[in-house]
Amino acid sequence: MPSRVWIFDLDNTLHNALPHIFPHINRSMTQYVMEHLALDEAGANELRVRYWRRYGATLLGLVRHHGIDPRHFLWHTHQFPQLQSMLVFERGLRQMLRRLPGRKLVFSNAPQHYSEAVLKALGIRDVFDGVYTVEYTRLRPKPAAFGFRRILREQGVQAGQCVMVEDSLENLRTAKRLGMRTLWVAAAGKSPAFVDARVTSVLQLRRTINKL
């Protein structure tokens, strides 16, 4: 039987980005829009949120409507001089991942330099066989199927061998449509039909293996 391939989201799956990371990114994006589109703070924040709601990522709206250089934007909005002190994660994470049988990948809508830095700071970069980010998807972030399909081709695996571990239901919906098993990381909520199992913490993953 082919070995299982675990595909992990990064933010709010392997660590909790809500207390410090996401607020910092939001502030950085608003500041970037203020500086490059000559808007005040209120206007920049409104535009950032509007594009995020319309396209699923602020960056896509900025590229499409304002010709913003995506690499420049991603670099300058994901700088974390105090990254280590801002991370919130569970201490048993590395041990759980090391004991998990099968290949392990990260698939994030964040940029490469940020994703690598977070994984290194968490002490788990060496556990993963590959890290796939928004650059790899050619700026077609999850829930678009493009990145999922590229990963399957590059890894030489079938969707049925894979389990997508995510906090986002929209991303899990795409994974399920492609034929993957799905594990939702969420503190609460009723699981929709396309979710095969739910855990409140990624550390509970090994307890759900029989359901996947």
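Charges at C-beta only: +1 for Lys and Arg, -1 for Asp and Glu. How large is the resulting dipole of the chain about its Cα centre, in Debye rounded to 20?
So the dipole magnitude of the chain works out to roughly 1000 debye.
If we sort 164-172, 87-95, 179-187 on the protection proxy, mean other Cβ atoms within 10 Å, highest first, what's the order?
164-172, 179-187, 87-95
Going through the DSSP H helices of the chain, which span 20 Å or more along their own axis at the Cα atoms while scoring at least -0.5 as a mean Kyte-Doolittle hydropathy?
Span-like helices here: 21-37.
Can you give me the distance in nm between label points at R71 and Q158, each placed 7 Å from the Cα along the Cα-to-Cβ direction?
Output for this residue pair reads 3.8 nm.
Can you find, among A117, L83, L100, the residue farthest towards the positive end of the dipole of the chain? Put +1 on the C-beta of Lys and Arg, -1 on that of Asp and Glu.
Of the listed residues, the answer is L100.
Apply the Karplus parameterisation 6.51 cos²θ - 1.76 cosθ + 1.60, with θ equal to phi minus 60°, to every residue of the stretch 179-194 and state each ³J(HN,Hα) to the nearest whole Hz, in sequence, with x for glycine and proline.
x, 7, 7, 10, 10, 9, 9, 8, 5, 7, x, 7, 6, x, 5, 7
Using a 7 Å offset from the Cα along the Cα-to-Cβ direction at both R53 and K190, what is the distance between the two label points in nm, to one decimal?
2.6 nm
Round to a whole number: what % of the accessible area of the stretch 1-89 belongs to carbon and sulfur, probe 1.4 Å?
54 percent
Return the calculated 222 nm mean residue ellipticity for the chain, to the nearest 500 deg cm²/dmol, obtained by summing -39500 (n - 2.57) across DSSP H runs with n ≥ 4 and dividing by the residue count. All intermediate terms of the calculation are to be shown ahead of the outcome.
Details: 9 runs with 92 residues, N = 212.
When only DSSP H runs of four or more count, the value is -13000 deg cm²/dmol.
Over the chain, with the other protein chains present, what is the accessible area per residue in square angstrom, probe 1.4 angstrom?
50 Å²
First compute the accessible area of the stretch 90-158 with a 1.4 Å probe, then give the percent of it belonging to carbon and sulfur atoms. The partial results should precede the final answer.
Working: 1430 of 3220 Å².
Here it works out to 44 percent.
Label the stretch 88-210 by shape, choosing from rounded, prolate and oblate, from the square roots a ≥ b ≥ c of the eigenvalues of the Cα gyration tensor; if a/c is under 1.5 it is rounded, and otherwise prolate applies when a/b is larger than b/c, oblate when it is not.
In terms of gyration-tensor shape, rounded.
Restricting everything to alpha-carbon atoms, can you work out Rg to Rh for the stretch 1-151 with a Kirkwood hydrodynamic radius?
Details: Rg = 16.4 Å, Rh = 16.5 Å.
Ratio of gyration radius to Kirkwood radius for the stretch 1-151: 1.00.
Using Cα positions and a limit of under 14 Å, work out the aspartates and glutamates in reach of K142, with same-chain residues fewer than 8 apart set aside.
Here the aspartates and glutamates satisfying the reach criterion relative to K142 are D9, D11, E166, D167, E170.
The values are calculated or read from the model by the stated rules, or taken from the named source; none is laboratory data. All values derive from a computational prediction rather than experimental measurement. Positions of Cβ are generated from backbone atoms using ideal geometry, with glycine treated the same way; all protein chains shown enter the neighbour counts. Each accessible area value is taken on the protein alone, full model and side chains, heavy atoms only, with ligands, DNA and RNA left out. Shrake-Rupley method; radii C 1.70, N 1.55, O 1.52, S 1.80 Å.
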